[in-house]
Amino acid sequence: MTREKKEEKLEKKKHLLSSWDALIKYRIKNRTSALWREPIRALFFAFLLPSLFSLFFALPASAEVTKIQRDEVGKELACLCGTCPRRPLDECTCGHAQQQHARIDALLGAGKTKQQVIDAYVADFGKIVLSKPPAEGFGLMAWLMPPFVLVFGFFMVRNVLRTWSQSKPVPIAATGQQSNEKDPYLDKLEQELREREL
Amino acid sequence: MLAQLGNFVLWLAIFTSTYACIAAIISGRTKRLDLTISTERAVYATFALCLTAMGVLEYLFVTDSFNVHYVATHSSRDLATGYKFTAVWSGMQGSLLLWALILSGFNFFATLKTRTLRGPLASYATVIISFTQVFFLGLIGIHENPFIELNFTPPDGQGMNPLLVHPAMAIHPPMLYLGYVGFIVPYAFAMGALLSRQADEEWIRTTRRWTLVPWFFLGTGQLLGGKWAYVVLGWGGYWGWDPVENAALLPWLTGTAFLHSVMIQEKKDMLKVWNMALIILTFTLCIYGTFLTRSGVVSSVHAFAQSPIGPWFGALVLVIVVFSSILLYTRLDMLKSKTHYESPISREGGFLLNNVLFLTATFAVFWGVMFPIISEALTGDKITVSAPYFNAVMVPIGLLLLLLTGIGPLLAWRKTSSQSLKRHFAYPTLFGLLCAIVPAVLGVRDIYALISFACSGLVTGTIVSEFHRGALARGSSSGESYIMALINLTRRNKRRYGGYVVHFGIVLLFIGFTGNAFNQDIEAELAYQESATIGPYTLTYEGVTEEVKPLTVDLTAQLGVYKNGERLGTMWPQQKVYYKRDDQQRTTEVSIRSNLREDLYVLCQGFDQRDGQEVALFHVYVNPLVIWVWIGAWVITIGTLITMLPDPRDKARRRRVVGLPQEQEAVA
């Protein structure tokens, strides 16, 4: 891919950014402004920010962010377009999801880590934007209940089997049930199978 | 005029089903033969009337009768005739009428087939089905009447939802409804058994096939829905854990548990209460699924079926749960088990484990669907529970179930000796291990995929071993050739060996599901003659054609497909623009090249300009093993058909008359 094409692609992605991306940029800008008040940090950012800034334009974001990186973030986030069943962003192909892909690319390209991008989304939309319940607070219940039910089920089966084994066995013939199922053909087949196994 | 006729027929059906319900209650209590016969006739009449109502609605659609509100909002002149036919169930009113028709059909055939079992049990079963019929028809008549006329006739209709204009959509809803509705027959007979105090195994034997039919249709309906999602929705997958998909999965899971669990009752006279509870749960989940689909309490791709009637279904779920639970509680004394077991390493133990796993799976899905609502209600936090959660929770449970599918059939009733275990499991286990080792050596590192391959190998091994041992045993006793022995073995015990075929179909499904672990996808923006590569494939964009059709403008991109420099063929993904609609809705028609190894799946996302040159935007997937899902569905179909084939022993049993003297039957 030529440099012109890369730049053009970057421009296109920037264009796709929705209004709340501008909001985030505004927040970042404000936070940075506040940091200027502290001399040591000011020095640090005086060096770092221009470096990042030049890096951002020297190496276009889209060139840095691979689809794999984007999908790593995307699978943690849900599509909130309102029509799909909140499909993870790495799978969803709707228009809204494509906008979010561009936004994730831009954020990752700006040097944000996976967690920072996710945090940015949570800050904007709330926990609803996470594709699965967080494993903390009440969200933990979502994860714990199915294994709990499984263990409880095993426990119940063990108790039932124990109760049954402690009961006095009733001879099959006495129940009269087997007669309904008795089939000479099956009996013969089972007999044949037993004999072959001896 | 025709709409008025449809309306009249609908209300007549409400009357006949109400009569059938009341007459069946009286005939159940008094055992009056004349009233029993009258009830049956009312059931037949209800079916005929529902069929007529549906016929009238179909006619209104096919003849573009846009003076009818439902027709005007769900069809258009340009719609192909075949789709006009299926457009009937593309909205709330028509789909409810289809539901009511299927319900009346089940009532009709169940009544017809169980005439030799006339008596309180059958009468009370009719009460349950007819009551549900009254509910549905009443809801249609009062809230969702498809025969309401406009006071003017629009020149054209608004058209069908474009997403539903697909062949799979023609049969997906009816099949799902056959599943949802069909579970009412075993449920009604279970309740009939409790009400008539005939809680022996009769209701289970009577309804065995009536349970298999809805189980089959519910499963197949979901797979068809998956096929539709795969081809139409264009996200490269077939199962997205949509809440409404989940709602259909719930009764299928409990229904599968029930199908296994009843075998213990039939063979060993055990688990009577449990089986009652399972069928109650299954039918409740059927109505709960309807409630989810229609109420809009969860966001879903099925949003087009939502309406304010959700609370009515919520109320019906409540009525079913309360009524069934009280009835079961008051009849507990009749449901005592008679025989006992010897060892946990037995078929009984295996079935119990099977039930625990199926119910855990049911709970996990239910919990996932309801958790966002519960979370918001209790904490105020809006939470999303989507595919990553369900995959994380359900994959281990599914693999445990698959493992049990391999182990269960080799366990003997009452007790399995360790010697027998070793002998029967040795080869299948070796084969299973081989099925995991080979892909591991070839570089597969996904642990779930390796476990899945191992379990699939084990189950296949046990199935083959069961057929082989049976054929050898039969061959040696009858002198038949191996092939004939195999055929006759299956013919003489359709239920057992048909069940094994179904299990093999499930194995194939799992192989298909496992392929998800190796999916690849790329996005490509291609100008004329530019190429993109994914896996072993190279795709070259060869241009676009535009075709104006009555409903759509079809933009068809052409892609040449190459592998190792050799041209394999051409793919034509499409964008369809519904240009006559106000919203200019677009749908995609993916192009798929499928073989036993993988699907090459291409979605055209649209067209754009780059340097004054037109480019096409593609999303390309390589989805390994997908075709095995559809092959598995066919194998399950064949296996289910084998288990449902008539058995001479059942015919002999049906000749018995329960509850009524033989002379009365003769008079009838």
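Database remark: amide H of B:Val615 closer than 5 angstrom to the amide H of B:Asp608, B:Gln609, B:Arg610 (H placed geometrically; neighbours at sequence offset of 5 or more, or on other chains; Pro and chain starts carry no H). For the stretch B:14-50, trypsin sites (Lys or Arg not before Pro) meeting the loop criterion (DSSP other than H, G, I, E, B) and having at most 14 other Cβ atoms within 10 Å: none. When peptides B:309-315, B:285-291 are sorted by average Cβ neighbour count within 10 Å, with the highest value leading, the order is B:285-291, B:309-315. Averaging Cα coordinates gives a centre for the stretch B:1-37 and one for the stretch B:151-180; these two points are 29 Å apart.
Take the Kirkwood radius over Cα pairs of the stretch B:402-482, plug it into Stokes-Einstein at 37 °C and 0.692 mPa s, and you get 237 µm²/s for translational diffusion.
Here the scattering of the stretch B:1-160 is modelled by Debye summation over its C-alpha atoms, one equal scatterer each and no solvent; at q = 0.10, 0.13 Å⁻¹ the log10 of I(q)/I(0) is -0.39, -0.60. The Rg/Rh ratio of the stretch B:519-627, with both radii computed over alpha carbons and Rh defined as the Kirkwood radius, is 0.99.
Once the convex hull of all Cα atoms in the stretch B:105-146 is built, its volume per residue stands at 53 Å³. Taking a ≥ b ≥ c as the square roots of the Cα gyration tensor eigenvalues, chain B comes out oblate, since a/c reaches at least 1.5 and a/b does not exceed b/c. Rounded to the nearest 500, the helix-only mean residue ellipticity at 222 nm of chain B stands at -21000 deg cm²/dmol, with each DSSP H run of n ≥ 4 adding -39,500 (n - 2.57). Across the stretch B:1-160, the mean sequence separation of Cα contacts (distance under 8 Å, 6 or more residues apart), normalised by length, yields a relative contact order of 38 percent.
Once you keep just the Cα pairs under 8 angstrom separated by 6 or more residues, what percentage relative contact order results for chain B? Mind dumping the intermediate values first?
On the way: 1158 pairs, mean separation 73.1, N = 668.
Reported as a whole number, the value is 11 percent.
Any read-out appearing in this document is the output of simple, stated calculations on the displayed coordinates, not a laboratory observation. None of these values were measured; they are calculated from a predicted model. For neighbour counting, all protein chains shown are included, and Cβ atoms are generated from backbone atoms with ideal geometry for every residue, glycine included.
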